[in-house]
Amino acid sequence: MKPLILHSVRLLKGQWRSLLLLGVILALSAFTYSVVDLGVGTIEESTDAYFESHVQEDFSIITTPTIASSEREALENCPFAFSIEALYDASPSCFESLMDHRVETFDTYGEATLEARIYKDGLINRQDETHDIRVFLDGETINKTYLEAGSMPTGDDEIAILSNYASHNGYTLGDTLKTEGTSYTITGFILLPDYNLPAIQHPLFFMSETQTLAVMDQGAFNDYGGSIDAHIAGVFDSEPFDLSVYSETDSYLHGLLTENNLRSGAVYAEIEGSRGASLALSVLIAFIGIVVVGLMLKKAVDRSKRPFGVLKALGLNFKEITLPFLLLVSLFSLFFLLIGTVLGWGFAPALQQFFLMIYLLPEGVVSINIFTVMVSVLVPFFVLLSLSLIVIRRLLGKEPVVLMRPLSSVEQTIRFKSVRRLLARAPFFTRFQLAFLTRNLLKTTVFTIGVILSVFLAFLAFAMDGVFDETLDAYYEGIDVTHTAHLLGSTDIPDEGERVIEVDGRMHDTQAFVIGLDASQTLHPLEDENGASLLGMLDEGPVISKSFQLLSGLEVGDEAILNLYGETKHVTIQGVADMYPGNHVFMDRASLSEAFLDSPDFYNALYHDAPFDNDYDRVIETENILASSEQINEVIMRVLYVMIVSAIVIGVIIMALLTGVTISDNGYNIALLKVLGYDNKEIGRMILGGYNKMLVLGFIIAVPISLVSFSVMTQLFADVYSLVWPMSISVWQIFMIFVLYGMIYMIVAKRARREIERVSLQKALKIYQD
Amino acid sequence: MIDLTGVVKRYKQGDVTTDALRGVDAHIPKQSFLIVLGPSGSGKSTLLNLMGALDLPTEGSVSVNEAIISEMGSKARSQFRRKHVGFVFQDYNVLNTLSVKENIELGQYLSTRPMSIDEALRAVGLSGYEARYPYELSGGERQRLSIARAIVKRPDILFCDEPTGSLDETLAKDVLGVIHSLNETYGTTVILITHNEALRHIGSHVMRLKSGHIDSFTKNHEPIAIKDITF
């Protein structure tokens, strides 16, 4: 047994460089899966538990900031107030009565548990800057506060804030936080499960560096000076229902399902997507690793055929001969798969923190579990072992006399003879390159698949980068609106900016953000992909954004039902605007106002290309949205870098491994060509030149595969997660990646040529021809 | 043509040093048909490697047509082999993945004034075999193919290392006839290494090696026709 083990060790030892690269591939495969599964998967578990134990709302009802006359009737003995804020200023208890009334009113429609969510928006006063804060009372039955550290505030000068915000700004427990002119002691770090809340500037973002949520007890909350607002939080009692049932109430503005909120619904989409993608990537990498193992094994076993034949002739059985080989392969692959898994385990907390930067979720406990180990280690290990057995049995499971015969590559040659004949008139080097490629078909296939995978990954990274550019940056940079004022309940509106309607609704069973524009307005261009203005079409019917088209599946000319303010209208789609701002539907303002509010003059927002001169209920600055986008972009860029580096690593490993194995396999041919008088450059061209062509071929194949995949993924995201994720790559990016891979190949080929130089020409003189 | 002066070749493997050649001096005339004889380990293949610019001597000099190949670098020796030298090996050393024609093209590509493929095939008696693959040929035919590949570039010197070692007598005579005719038709200098004593009669010169020394180096005034020798 010992000599057999030594023989196997020496056979594999000769290929230590290839083995090392192979080990890296196996480790990378295990790492990719385990880091995501342990890092992100644990968030899913803790998130599920968190949302359930702290009763995350299923929906929010956004109510009017004004008090309807029917509501005033319910507020006996309360001072007159037009807005809820004025009512609160005059009498907090009357405000509470109003909220109770609203909850009772809504409660008569639909089967759901409802609770008023009351909060105050204020500013945190720091030395040379101000940050936003939204202060809550702890939820009673819905959206209960999750305490991450410390204790809940109980005194008039106590507050609990988000730990994300605290760590970004250097706050620790016991520190003082000054907001609206009052100092508070930070007693705890909290999370709030209602994800519709972080809508301080824009529904999509939450900037954890400059914004925080907070809770106070009733007394401190009453004394707090920020401006008050509220909405109704709800949990479905049984089956979900259409929130438009609430539209019959006077205070209903619109309903928002939590699962449709990117910051909430996307948590699961992101987690599931990341796990799925990592598994797919891991399988692909493992597949390449397994094929390479098969190749190397075949080569090593091929070399040992004759000695194995002799051993068989001596009376040793198949098991005795192959066991040392299998043992070594098992130990080797197990070692690297374990290394990858352990590294994944080690890096999982960092990946989890990366996710928690975006989503306000509790940390999950990263601990190794049997399922992860099974997928990342045991599955590839047993596949490898089975493959090794198959290869060894196929090659060595023959009679001793057959094994002791000289080797021949006749079969492969016959197989590709007809293909070769087709290229009989091709240039000299091309034919020889083809001869080597067809002789090494498996290697050629693995090389090409590896290139396709690696290039696809690089394309995916660039496509991801483009998503944000296309969805938000391009939209906000393409319009001239720098400030948007929301006119919540104001009656006396100054004449400045351009009048618009912004309202949430539904079209074709898809949540829609309807914007009413005047055809004469100048700040919000509306163009198709050819640059032609679509504003003139608005009086005929709605124009939808590309993202809404993706979500709803509507096309130009389609009829659709639009639900707004509890009313239903039939409309015909007039055009598709070349923009991805979200689920936007554009309509003529006057027609929209007339259709749903029986008056052509309604508007509830103003667009302006400069700061407003007057005060409005809420002003959103485009600059702030772009700044938030930039923050998210930074996160995306980090993911992009990781993906690019992974793509390059896979590309380099595949190229280096296969060119190395090819040179090693063709040692005799290289030596013979040297003897004949060919120089190293010419030999490199003959033996490796075919890989240039396979690189180009792999790249060409990767382009349509990527484009089709991105299109499918975009549609899939829209259909399954209601997320607009328009992935695409430009010709310029394709060219850049091509140049990058060309350069990588040149470096790898240079290293390979050095190996060719090292092949001794003496090898051809005495070696038995293979 | 080929001059060997005080050629020593020493191999070192671990702590063991082996003297393969121990001071060889010889002059091999142009267009000669030299038969190099000697038992295993006498230094025949080492001598061929040195004369064929495949290896460098430890001491002494090797020159061909006054070009000192023992002082050439790897690239220059590669160029030298490309322009002046052809090799035929015992194990044929043809590429199974290439057709007969493509194997010959491997040699043809290296020359600026090569023979046509047809001429090379005719010279070795393989006309009509262009599209076949080496595994479709007999041993003798494979060796002929190897010779065709070597001569297609019109080398000045053809080195043959045991070219008939793997063949039976009939096929061996067939191959030797081809090599001999090349020497006569194209004036190619042939250096044929063998341990087969019977071949001493067919060359114009005979060199005998023994333990790294030239035991004898004689001119064969009356060579015997190949068909008349007995193995």
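Within the bounds of segment B:133-146, is there any residue that is under 30 Å from B:G60 (Cα atoms) and at pLDDT below 90? Within segment B:133-146, none of the residues are under 30 Å from B:G60 (Cα atoms) and at pLDDT below 90. Per the conditions (1) more than 14 Å from chain B (Cβ to nearest Cβ); (2) outside any loop (DSSP other than H, G, I, E, B), the sole criterion not satisfied by A:S728 is (2).
If you go through segment B:154-189 and keep only what is closer than 18 Å to B:M1 by Cβ and assigned to a loop (DSSP other than H, G, I, E, B), you end up with B:R154, B:P155, B:D156, B:G187, B:T188. Remark: B:R154 matches the filter, which requires a residue to be closer than 30 Å to B:A67 by Cα, of a type in the set (D, E, K, R) and either free of Cβ contacts under 8 Å to residues at least 60 places away in the same chain or within 13 Å of chain A (Cβ to nearest Cβ) (or both). Only residues that are among the polar types (S, T, N, Q) and surrounded by fewer than 17 Cβ atoms within 10 Å (Cβ to Cβ) were counted in segment A:710-739, giving 4. With respect to the conditions (1) more than 14 Å from every other protein chain (Cβ to nearest Cβ); (2) out of contact with any Lys or Arg (no Cβ under 8 Å at 6 or more places or on another chain); (3) under 14 Å from B:G212 (Cα atoms), B:S42 lacks only one, and its number is (2).
Only residues that are of a type in the set (D, E, K, R) and surrounded by fewer than 16 Cβ atoms within 10 Å (Cβ to Cβ) were counted across segment A:307-356, and they come to 2.
For segment A:81-194, the helices (runs of 4 or more DSSP H) that sit wholly inside it and include 1 or more residues that are of a type in the set (V, I, T) and buried (at least 18 other Cβ atoms within 10 Å of the Cβ) are A:84-90, A:92-107.
Which ones in segment A:340-395 are outside any helix (DSSP H, G or I), under 30 Å from A:I161 (Cα atoms) and hydrophobic (A, V, I, L, M, F, W, C)? Before you say what the answer is, go through the steps one by one.
Residues of segment A:340-395 outside any helix (DSSP H, G or I): A:359-369.
Next, only the ones that are under 30 Å from A:I161 (Cα atoms) stay: A:359-367.
Scanning segment A:340-395 gives A:L360, A:L361, A:V365, A:V366.
Condition test on B:L54, is it buried (at least 22 other Cβ atoms within 10 Å of the Cβ), out of contact with any helix residue (DSSP H, G or I) (no Cβ under 6 Å at 6 or more places or on another chain), within 13 Å of chain A (Cβ to nearest Cβ) and modelled with pLDDT under 90? It is true that B:L54 is buried (at least 22 other Cβ atoms within 10 Å of the Cβ), out of contact with any helix residue (DSSP H, G or I) (no Cβ under 6 Å at 6 or more places or on another chain), within 13 Å of chain A (Cβ to nearest Cβ) and modelled with pLDDT under 90.
Would it be correct to say that B:G203 is small (G, A, S), crowded, with 20+ Cβ neighbours inside 10 Å, touching an Asp or Glu at 6+ places or on another chain (Cβ under 6 Å) and at pLDDT 85 or above? For B:G203, the condition - small (G, A, S), crowded, with 20+ Cβ neighbours inside 10 Å, touching an Asp or Glu at 6+ places or on another chain (Cβ under 6 Å) and at pLDDT 85 or above - is not met. Residues that are more than 13 Å from every other protein chain (Cβ to nearest Cβ), touching a residue at least 12 places away in the same chain (Cβ under 8 Å) and more than 24 Å from B:I179 (Cβ to Cβ): does segment B:28-37 have at least one? Checking segment B:28-37: not a single residue is more than 13 Å from every other protein chain (Cβ to nearest Cβ), touching a residue at least 12 places away in the same chain (Cβ under 8 Å) and more than 24 Å from B:I179 (Cβ to Cβ).
Out of segment B:13-27, which residues are outside any loop (DSSP other than H, G, I, E, B) and either within 14 Å of another protein chain (Cβ to nearest Cβ) or more than 24 Å from B:I68 (Cβ to Cβ) (or both)?
Applying the first criterion (outside any loop (DSSP other than H, G, I, E, B)) to segment B:13-27 yields B:13, B:16-27.
Of everything in segment B:13-27, those that are outside any loop (DSSP other than H, G, I, E, B) and either within 14 Å of another protein chain (Cβ to nearest Cβ) or more than 24 Å from B:I68 (Cβ to Cβ) (or both) turn out to be B:Q13, B:V16, B:T17, B:T18, B:A20.
For B:G203, the conditions (1) over 15 Å from the mean Cα position of the chain (by Cα); (2) closer than 20 Å to B:L48 by Cα; (3) in a loop (DSSP other than H, G, I, E, B) all hold with the exception of (1).
Which one of these is of a type in the set (D, E, K, R) and within 20 Å of B:I28 (Cβ to Cβ): B:R144, B:R208, B:R149? Write out each step before concluding.
Working: B:R144 fails: within 20 Å of B:I28 (Cβ to Cβ); B:R149 fails: within 20 Å of B:I28 (Cβ to Cβ).
Among B:R144, B:R208, B:R149, only B:R208 is of a type in the set (D, E, K, R) and within 20 Å of B:I28 (Cβ to Cβ).
Pick from segment B:71-86 the residues that are buried (at least 20 other Cβ atoms within 10 Å of the Cβ) and closer than 17 Å to B:M1 by Cα: which of them is nearest to the other protein chains (Cβ to nearest Cβ)? So the residue we want is B:R81.
If the condition is being touching a strand residue (DSSP E or B) at 6+ places or on another chain (Cβ under 9 Å) and surrounded by 21 or more Cβ atoms within 10 Å (Cβ to Cβ), then segment B:87-119 contributes B:F87, B:V88, B:F89, B:N93, B:G107. Figure legend. Inter-residue proximity from segment A:424-447: first residues without any contact (Cβ under 8 Å) to a residue 40 or more places away in the chain, second residues part of a helix (DSSP H, G or I), beta-carbon distance below 6 Å, spacing 6+ or different chains. Indicated pairs: A:T438/A:F416; A:R439/A:Q412. The requirement of being modelled with pLDDT under 75 and of a type in the set (S, T, N, Q) is satisfied by A:S408. Which condition breaks for B:R142 when tested against (1) of a type outside the set (A, V, I, L, M, F, W, C); (2) in contact (Cβ under 8 Å) with a residue 60 or more places away in the chain; (3) within 14 Å of chain A (Cβ to nearest Cβ)? The single condition B:R142 does not satisfy is (2). The condition of being acidic (D, E) and surrounded by 14 or more Cβ atoms within 10 Å (Cβ to Cβ) holds for only one of A:E559, A:E594, that being A:E594. Of all positions in segment B:90-97, at least one carries a residue that is in contact with a Pro (Cβ under 6 Å, 6 or more places away or on another chain), closer than 12 Å to B:A148 by Cβ and within 9 Å of chain A (Cβ to nearest Cβ). Specify the residue that is nearest to the other protein chains (Cβ to nearest Cβ); the eligible residues are those in segment B:157-181 that are closer than 24 Å to B:Y109 by Cβ and within 12 Å of the chain's Cα centre (by Cα). Among those residues, the one meeting the criterion is B:D161.
State yes or no: is A:T572 of a type in the set (S, T, N, Q), under 22 Å from A:I62 (Cα atoms) and exposed (fewer than 15 other Cβ atoms within 10 Å of the Cβ)? Walk me through it before giving the result.
Values: of a type in the set (S, T, N, Q): yes; under 22 Å from A:I62 (Cα atoms): no; exposed (fewer than 15 other Cβ atoms within 10 Å of the Cβ): yes.
The answer is no for A:T572.
Consider segment A:681-698 and keep the residues that are farther than 12 Å from A:Q433 by Cβ and surrounded by fewer than 20 Cβ atoms within 10 Å (Cβ to Cβ). The one that is modelled with the lowest pLDDT is A:K681.
Does A:I670 meet the test of being surrounded by 15 or more Cβ atoms within 10 Å (Cβ to Cβ), modelled with pLDDT under 85 and in contact with a helix residue (DSSP H, G or I) (Cβ under 8 Å, 6 or more places away or on another chain)? Step through it out loud before you land on a result.
Details: surrounded by 15 or more Cβ atoms within 10 Å (Cβ to Cβ): yes; modelled with pLDDT under 85: no; in contact with a helix residue (DSSP H, G or I) (Cβ under 8 Å, 6 or more places away or on another chain): yes.
No; evaluated as a whole, the condition is false for this residue.
Pairs meeting the criteria (first residue in segment A:673-700 and within 14 Å of chain B (Cβ to nearest Cβ), second residue among the basic types (K, R) and buried (at least 20 other Cβ atoms within 10 Å of the Cβ), beta carbons under 6 Å, at least 6 apart or on different chains) are A:G677/B:R81; A:G677/B:R82.
Would segment B:58-65 turn up any residue that is among the charged types (D, E, K, R), without any contact (Cβ under 8 Å) to a residue 60 or more places away in the chain and either surrounded by fewer than 23 Cβ atoms within 10 Å (Cβ to Cβ) or assigned to a strand (DSSP E or B) (or both)?
Initial filter on segment B:58-65 (among the charged types (D, E, K, R)): B:59.
Pick out the ones that are also without any contact (Cβ under 8 Å) to a residue 60 or more places away in the chain and you get B:59.
Retained after the next criterion (residues that are either surrounded by fewer than 23 Cβ atoms within 10 Å (Cβ to Cβ) or assigned to a strand (DSSP E or B) (or both)): B:59.
Yes, there is a match, as at least one residue in segment B:58-65 is among the charged types (D, E, K, R), without any contact (Cβ under 8 Å) to a residue 60 or more places away in the chain and either surrounded by fewer than 23 Cβ atoms within 10 Å (Cβ to Cβ) or assigned to a strand (DSSP E or B) (or both).
Conditions first: (1) closer than 27 Å to A:E248 by Cα; (2) at pLDDT 90 or above. A:Q511 passes all but one, so which condition is the exception? Exception for A:Q511: condition (2).
Just checking: which of the helices (runs of 4 or more DSSP H) contained wholly in segment A:426-488 hold 2 or more residues that are within 25 Å of A:I654 (Cα to Cα) and modelled with pLDDT of 85 or more?
Filter on segment A:426-488 gives A:441-468.
The values are calculated or read from the model by the stated rules, or taken from the named source; none is laboratory data. Nothing here was measured: the structure is a model prediction, and the numbers come from that model. Here Cβ is always computed from backbone atoms with ideal geometry, including for glycine, and neighbour counts include all displayed protein chains.
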